[in-house]
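Worksheet: the structure to be examined is printed underneath.
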Amino acid sequence: MTATPVIEGWFTTGAEPHLLATRCAQCSNLVFPPVPVDDARAPLFCRNPACDGTEHTTVPLSRRGTVWSYTDAQYQPPAPYLPASDPYRPFALAAVELADGIVVLGQVAEGYGTSDLRVGAEVELVVETLHADDSGDRLIYRWKPVAADGGER
Ligand SMILES: [Zn+2]
């Protein structure tokens with residue numbers, strides 16, 4: 001059995017996973033999720049309306065950030081949605097502000113809920129199993145609260 005990301009190219013796996021973003025070489029504007037930078041069919045224009053840059057690279061984002069906002073998904077989203085638990089189990093979502101200057105939405109780590117979150121609290125990127133299928137575990141990035149004392153829960 002293998003473990004592969006649910007979505008290829010959005011994050012790395014391993015002991016210290018990180019998200020991947022597209023950065024404009026001219027103005028350093030970041031885009032997450034990343035977009036293909038080597039598409040020969042057409043130049044990739046910067047999403048910053050004040051920039052005419054077309055050179056981009058894929059860069060890693062900070063592994064830690066602070067909670068910008070959060071909520072929970074009490075009801076199963078309508079299709080199409082990424083496979084979830086069956087029966088449906090509510091999960092928390094956090095929008096996390098990274099030092100890179102970008103806010104990234106993601107699920108909150110397994111075992112944590114909105115009662116474990118507060119605006120401004122530090123979280124760290126982890127990679128966990130979203131579900132398993134015939135090819136093995138399918139991985140997703142999540143935000144895990146960092147305990148004030150640095151300990152694990
Ligand atoms: Zn730019």
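Bear in mind that the values in this text are calculations on the coordinates, not laboratory data. Treat the numbers as computed from the prediction; the structure is a model and nothing was measured. As a convention, Cβ positions derive from the backbone with ideal geometry for all residues, glycine included, and neighbour counts pool all protein chains shown.
Descriptive notes on the structure:
- Sorted by Cβ density within 10 Å, fewest first, the residues Leu139, Leu105: Leu105, Leu139
- Most fluctuating residue given options Val35, Val108, Val67, as computed from a GNM of the chain linking Cα atoms under 10 Å: Val35
- When the chymotrypsin sites (Phe, Trp or Tyr not before Pro) in the range 26-83 are filtered for DSSP coil states and for at most 11 other beta-carbon atoms within 10 Å of their beta-carbon, the remaining sites are Tyr75, Tyr81.
- Shape of the range 20-60, Cα gyration tensor, a/c cut at 1.5: oblate
- Alpha-carbon centroids, the range 9-71 and the range 78-131: separation in whole Å: 19
- Ordering Asp38, Asp100 by the number of other Cβ atoms within 10 Å of each residue's own Cβ, fewest first, gives Asp38, Asp100.
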